[in-house]
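Here's the structure, in structure tokens; my notes come after.
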There are 6 protein chains.
Amino acid sequence: MPYINIKITDEGVTREQKKALIEGTTRLMVEVLNKDPATTCVVIDEVNTDNWGIGFDQVSKLRQLAKR
Amino acid sequence: MPYINIKITDEGVTREQKKALIEGTTRLMVEVLNKDPATTCVVIDEVNTDNWGIGFDQVSKLRQLAKR
Amino acid sequence: MPYINIKITDEGVTREQKKALIEGTTRLMVEVLNKDPATTCVVIDEVNTDNWGIGFDQVSKLRQLAKR
Amino acid sequence: MPYINIKITDEGVTREQKKALIEGTTRLMVEVLNKDPATTCVVIDEVNTDNWGIGFDQVSKLRQLAKR
Amino acid sequence: MPYINIKITDEGVTREQKKALIEGTTRLMVEVLNKDPATTCVVIDEVNTDNWGIGFDQVSKLRQLAKR
Amino acid sequence: MPYINIKITDEGVTREQKKALIEGTTRLMVEVLNKDPATTCVVIDEVNTDNWGIGFDQVSKLRQLAKR
């Protein structure tokens with residue numbers, strides 16, 4: 001029954017990486033809380049780097065600065 | 001004032017179906033809780049089947065298996 | 001698989017009203033989208049009226065004004 | 001450490017407007033709550049007007065009516 | 001119509017501080033995006049410091065360490 | 001920068017279990033996506049069993065039935 005929502009930036013996350021996130025978080029619910037995996041939902045939201053801010057800055061700007 | 005967030009997979013949900021979800025949930029708020037529909041917000045998030053996991057699996061994989 | 005999150009103010013919502021919200025939203029998912037109710041989750045968050053704002057005001061203040 | 005999620009309709013919000021929302025909400029956390037901006041995250045979700053409902057109606061329909 | 005959800009730790013946030021957060025975020029929606037404040041909702045979730053993690057640690061532990 | 005929100009029922013989750021969920025999900029972000037743990041936030045919401053529905057039923061009712 002647990003519901004896990006993962007929010008990350010949309011920077012080329014592969015299908016295999018998403019699979020690993022889903023498996024890993026579901027396993028945590030089973031191992032730590034003894035939850036039933038059959039009703040454990042994981043939803044991954046990929047967010048544009050213009051739409052994510054940290055420390056006053058858009059991530060898109062931070063990525064540009066990091067490339068210099 | 002209620003806020004309802006509906007998360008579903010993005011598998012061809014039509015505009016009419018979205019309309020029905022919005023009307024139905026708003027009506028529930030009015031009938032069950034006597035809320036004002038004018039400030040009742042419903043937001044539908046459609047999620048890629050690669051990004052939704054249940055029972056350790058991506059929904060995209062479950063859909064492939066179901067087609068066999 | 002749908003996940004529905006309902007946010008409402010914590011103003012004496014009864015267990016029966018919560019039951020009606022859960023049944024009603026689940027039924028919508030089944031009737032409108034043909035979803036499986038067995039994996040349809042509904043989560044109700046009750047929010048303190050000091051913590052909910054609309055039109056610049058806290059709901060707690062709006063409730064006080066309405067009582068005058 | 002605060003996390004702020006802004007949900008708005010996807011009606012041509014510019015990169016500069018998103019920047020202003022991120023800066024403004026982060027500043028609020030610093031000024032009102034003395035939070036550390038370095039770990040303050042702001043995530044903006046842009047929602048299709050078919051997927052947002054208010055007062056029983058889809059925003060897309062309200063926009064069409066407003067144009068008449 | 002915007003919906004803003006603010007998640008912060010439950011460390012003695014006052015009613016006046018919540019009021020300031022609600023007013024400030026609503027004003028941003030009006031000034032930056034020309035939104036109608038009458039349908040702008042702000043919801044503040046206060047989270048127990050045991051339930052908030054950053055950098056592998058619970059905030060409750062970080063607060064204990066900071067007191068030393 | 002990732003933000004992970006875990007929603008579970010409030011059925012006696014211990015501080016150590018919450019710690020394990022925070023550590024485990026943060027480790028996943030580091031190992032699978034190479035994210036910086038210093039800005040990875042995990043927020044756990046514990047939901048009353050009256051407020052969580054699955055398969056048309058409140059979890060509180062399911063728990064009562066399971067005890068018979």
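The values are calculated or read from the model by the stated rules, or taken from the named source; none is laboratory data. The model shown is predicted, which means the values in this text are computed figures rather than measured ones. Virtual Cβ from ideal backbone geometry, glycine too; neighbours counted across all protein chains shown. Remember, those area values only see protein heavy atoms, side chains included, never the ligands or the DNA or RNA. Shrake-Rupley method; radii C 1.70, N 1.55, O 1.52, S 1.80 Å.
Remark on B:Val47: its backbone amide H falls under 5 Å from those of B:Ile8, B:Thr9, B:Asp10, a criterion applied only to residues 5 or more positions apart or on other chains, H modelled at 1.01 Å from N. With a 1.4 angstrom probe, the accessible area lost at the E-C interface totals about 1400 Å². The string of couplings for segment D:22-27 from the Karplus curve (6.51, -1.76, 1.60, θ = phi - 60°) is 5, 4, x, 5, 5, 4 Hz, one whole number per residue in order, with x for Gly and Pro. Principal axis extents of the C-alpha atoms in segment B:3-67 (largest first, rounded to whole Å): 44, 24, 15.
Which of the residues in segment C:19-40 lose at least 50 Å² of accessible area when you go from the chain alone to all protein chains together (probe 1.4 Å)? Relative to the lone chain, where solvent access is computed with a 1.4 Å probe, segment C:19-40 loses at least 50 Å² at C:Leu21, C:Ile22, C:Leu28, C:Val32, C:Leu33. Please give the Cα centre distance for segment F:2-68 versus segment B:13-52, rounded to the nearest Å. Between the Cα centre of segment F:2-68 and that of segment B:13-52, the gap is 25 Å.
Please work out the average accessible area per residue across chain B, using the 1.4 Å probe convention, and give it in Å². Present the calculation step by step, with values, prior to reporting the outcome.
Numbers: 2870 Å² over 68 residues.
Solvent-accessible surface per residue comes out at 42 Å².
Counting only Cβ charges, +1 for Lys and Arg and -1 for Asp and Glu, the dipole size of segment B:3-67 around its Cα centre is about 120 debye.
Measuring nothing but how far apart in sequence close Cα pairs (under 8 Å, 6+ apart) lie, relative to its length, chain A scores a relative contact order of 40 percent.
Within the protein assembly as shown, antiparallel bridges make up roughly 50 percent of the DSSP beta bridges whose residues both belong there. For E:Asp45, the solvent-accessible surface computed with a 1.4 Å probe is close to 20 Å², ligands and nucleic acids excluded. Backbone phi angles across segment C:37-50, fed through the Karplus curve with coefficients 6.51, -1.76 and 1.60 (θ = phi - 60°), yield HN-Hα couplings of x, 4, 10, 8, 9, 10, 10, 9, 9, 9, 10, 4, 5, 6 Hz in residue order; Gly and Pro are listed as x.
With label points defined 7 Å past Cα in the direction of Cβ, position B:Arg68 shows copy-to-copy spacings of 3.7, 5.4, 5.4, 5.4, 6.9 nm, given to one decimal and shortest first. Helical runs assigned H by DSSP (4 residues or longer) give chain D a calculated mean residue ellipticity at 222 nm of -13500 deg cm²/dmol, each run adding -39500 (n - 2.57) before division by the residue total.
Over chain D, with every protein chain in place, what whole percent of the accessible area is carbon and sulfur at 1.4 Å, could you tell me? Can you show the working numbers first?
Details: 1310 of 2870 Å².
Answer for chain D: carbon and sulfur cover 46 percent of the accessible area.
In a simple Cβ point-charge model (Lys, Arg +1; Asp, Glu -1; nothing else charged), the protein assembly as shown has a dipole of about 0 debye relative to its Cα centre. With label points defined 7 Å past Cα in the direction of Cβ, position F:Val30 shows copy-to-copy spacings of 2.4, 2.9, 4.6, 4.6, 5.3 nm, given to one decimal and shortest first. Each principal axis of the Cα cloud of the protein assembly as shown was taken in turn, and the coordinate range along them, longest first, works out to 52, 52, 40 Å. Of the cross-linked pairs A:Lys18/E:Lys67; A:Lys35/C:Lys61; A:Lys7/A:Lys35; B:Lys19/C:Lys19; C:Lys67/E:Lys35, those separated by over 32 Å at the C-alpha level are A:Lys18/E:Lys67; A:Lys35/C:Lys61.
How much of the DSSP beta bridge set in chain D is antiparallel, as a percent to the nearest 5? In chain D, DSSP labels about 20 percent of beta bridges as antiparallel.
Using a simple spin-label model with pseudo-atoms 7 Å out from Cα toward Cβ, F:Leu62 and F:Glu16 lie 2.7 nm apart.
Compute the signed sum of charges (Lys and Arg +1, Asp and Glu -1) over the other residues within less than 10 Å, Cβ to Cβ, of C:Lys7. If you can, show how the numbers build up before the last one.
On the way: positive: none; negative: C:Asp45, C:Glu46, E:Asp45.
Counting the neighbours of C:Lys7, the net charge comes to -3.
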